[in-house]
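What follows is a single structure, written as structure tokens, with notes after it.
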Amino acid sequence: MAFESQDLDITFDAPIGVRIKGETWPCVELPGSKEIFGTGKSVKVVGTVDGLPLTSAFMPTGSGGHMVSISAKLRKALGKDVGDTVTIHLSRRLI
């Protein structure tokens, strides 16, 4: 199944680590995401994390924002872990 897409050009720096219900999850939060995406629901995107490819979904944080998971495999490839800052560039939104 092919996805339609919408071009994006969003780049931001953020630390890996989002506090959810008292625990730190290996995710990155996009500031102002509800306004950027125009929804509080999950949003599928294509982009990069520190130059490495990312195709994933920004999920609702439960507090009005969105976060994307940074998998253990990706963190290892980046040489980064929770607490480290990454640069995320979003190039497309999959609809």
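The values are calculated or read from the model by the stated rules, or taken from the named source; none is laboratory data. No experiment lies behind these values; they were computed from the predicted model shown. All Cβ positions, glycine included, derive from the backbone under ideal geometry; neighbour counts span all protein chains shown.
Summary of computed values
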read-out: Pair list, Cβ < 7 Å and 6+ apart or interchain, from the range 5-27 residues that are within 13 Å of His66 (Cα to Cα) to residues that are among the aromatic types (Phe, Trp, Tyr) and part of a strand (DSSP E or B); value: Val18/Trp25
read-out: Strands (runs of 3 or more DSSP E) wholly inside the chain containing at least 1 residues that are modelled with pLDDT of 95 or more, out of contact with any Pro (no Cβ under 9 Å at 6 or more places or on another chain) and exposed (fewer than 15 other Cβ atoms within 10 Å of the Cβ); value: 5-15, 23-25, 43-49, 52-60, 85-94
